[in-house]
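Some notes on the structure that comes next.
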Amino acid sequence: MLWYPYEQMKTMKKPYKIIKAEGVYLYTEDNKMIDSVSSWWSTIHGYNNQEINDAIRNQLDKFAHVMLGGLTHEPAEKLAEKLKEILPGDLDYCFFSDSGSVAVEVALKMALQYYMNQGQKERTMVLALEKAYHGDTFKAMEVGDDEDYHFVLKAYGKSQNVIHIPTDIDALDKAFEKYHLKLNCFIVEPLLQGAGGMQMYDISFLKRARQLCDKYKVLLIFDEVATGFGRTGNRFVADLVQPDIIVLGKSLVAGYIGHAVTVSSKKVFDAFYDNSKDRALMHGPTFMANALACTVALKSIELFEKNDYISKIKKIEEISKRELKDFTDERIKEIRIMGGCTCIEVFDTKDLQGYQDFAYKKGVFSRPFLKYMYSMVPYIITEEELVKVFQTMKDWFKK
């Protein structure tokens, strides 16, 4: 029996069974629907992209996977070089893993050990954001602030090593003033907090965070698993404010294969580069730098650059703002739009109950959660298809 994610198995409704996927469309036996959420925000090129398919086949004829321990291979080396080329500053040192959550764990481990390697044993605390989501593994849950994981608080009590603050500069200043001697890092989803409800905030907050991290010698981590590769309208938010460590996933491999990467600056890497094995980063996922995943990532980045996706995302944002301009309803609290993400937040969760089936009948796949109806569409979507997504949203409130 399949155990489904984020579901009460006893009461869940029957999921839609997909038999085919092509472009922006998912097909069931009796329906064709636009995927308005890009399979949890990852399928930026849509489904069944022939160039990516061909790249996988070519690599598969050579080998699918070899361990990175004591071995290496061209796809991994090329991807590391490509990421070094496209990421800003000296974000040059790539540690691959098999999911975004694990890549966050690696980043947090790097941050803690960075100081341990220098004898600073008092820096055991992490600063994070309220409404943060960084993954489902244990340390990622701890630095997150997702209500679904508060059962951990009941079991273990509030963490003594994590401080959560709102995206408010005064709160940021006060947190650094109070805790800076104990902090090893400040981890954020930059500009856009996804699972926390598509919360959006201003770049000024991140600029101030960078200043404070520099002043107090605290590492700044950007979790760009969801925001990387254009979702905020920027290629990476790191292009605007450079972190010490960046985490990429989801769009990195275009929704094809689970894979992620934690990329550090030279300063961080140098703290591990030593004759003593005790200072090495002791981590090694079995499928890190999987050859097929690296091949997909290389082709995905090539398509992103070749087809000028930043312009496509700007167009998506323009259409989103146009279609929802002046749209109101007494049940709607706020409409937020940034880059390739649109969110309609309602006052009461019951106002979205039944929307998924309503959208299905209109030919759109949506997955609202809590008080949030949102879209994060594949970047290849046409204007007509995007308008249909928003019309379906608006029709829900007009019925």
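The values are calculated or read from the model by the stated rules, or taken from the named source; none is laboratory data. Bear in mind the structure is a predicted one, so any value in this text is a computation, not a measurement. Using ideal geometry, Cβ is built from the backbone for each residue, glycine included, and neighbour counts are taken over all protein chains shown.
Figures for the structure shown
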quantity	calculated
Candidates 153, 212, 181, filtered to the one that is surrounded by 14 or more Cβ atoms within 10 Å (Cβ to Cβ) and either over 20 Å from residue 261 (Cα atoms) or at pLDDT 95 or above (or both)	212
Residue check for residue 332: surrounded by fewer than 18 Cβ atoms within 10 Å (Cβ to Cβ), under 23 Å from residue 232 (Cβ atoms) and touching a residue at least 24 places away in the same chain (Cβ under 8 Å)	yes
Yes/no for residue 360 being among the hydroxyl-bearing types (Ser, Thr, Tyr), touching a residue at least 40 places away in the same chain (Cβ under 8 Å) and in contact with a Pro (Cβ under 8 Å, 6 or more places away or on another chain)	no
Listing of strands (runs of 3 or more DSSP E) fully contained in the stretch 21-133 that carry 3 or more residues being surrounded by 13 or more Cβ atoms within 10 Å (Cβ to Cβ) and in contact with a His (Cβ under 9 Å, 6 or more places away or on another chain)	93-97, 125-129
Residue within the stretch 3-14 that is closer than 30 Å to residue 271 by Cβ, modelled with pLDDT of 95 or more, surrounded by fewer than 19 Cβ atoms within 10 Å (Cβ to Cβ) and β-branched (Val, Ile, Thr) present	no
Residues of the stretch 235-267 that turn out to be within 14 Å of the chain's Cα centre (by Cα) and outside any strand (DSSP E or B), as a count	13
Test result for residue 203, in contact (Cβ under 8 Å) with a residue 12 or more places away in the chain, surrounded by 18 or more Cβ atoms within 10 Å (Cβ to Cβ) and assigned by TED's automatic domain parsing to the domain that holds residue 217	no
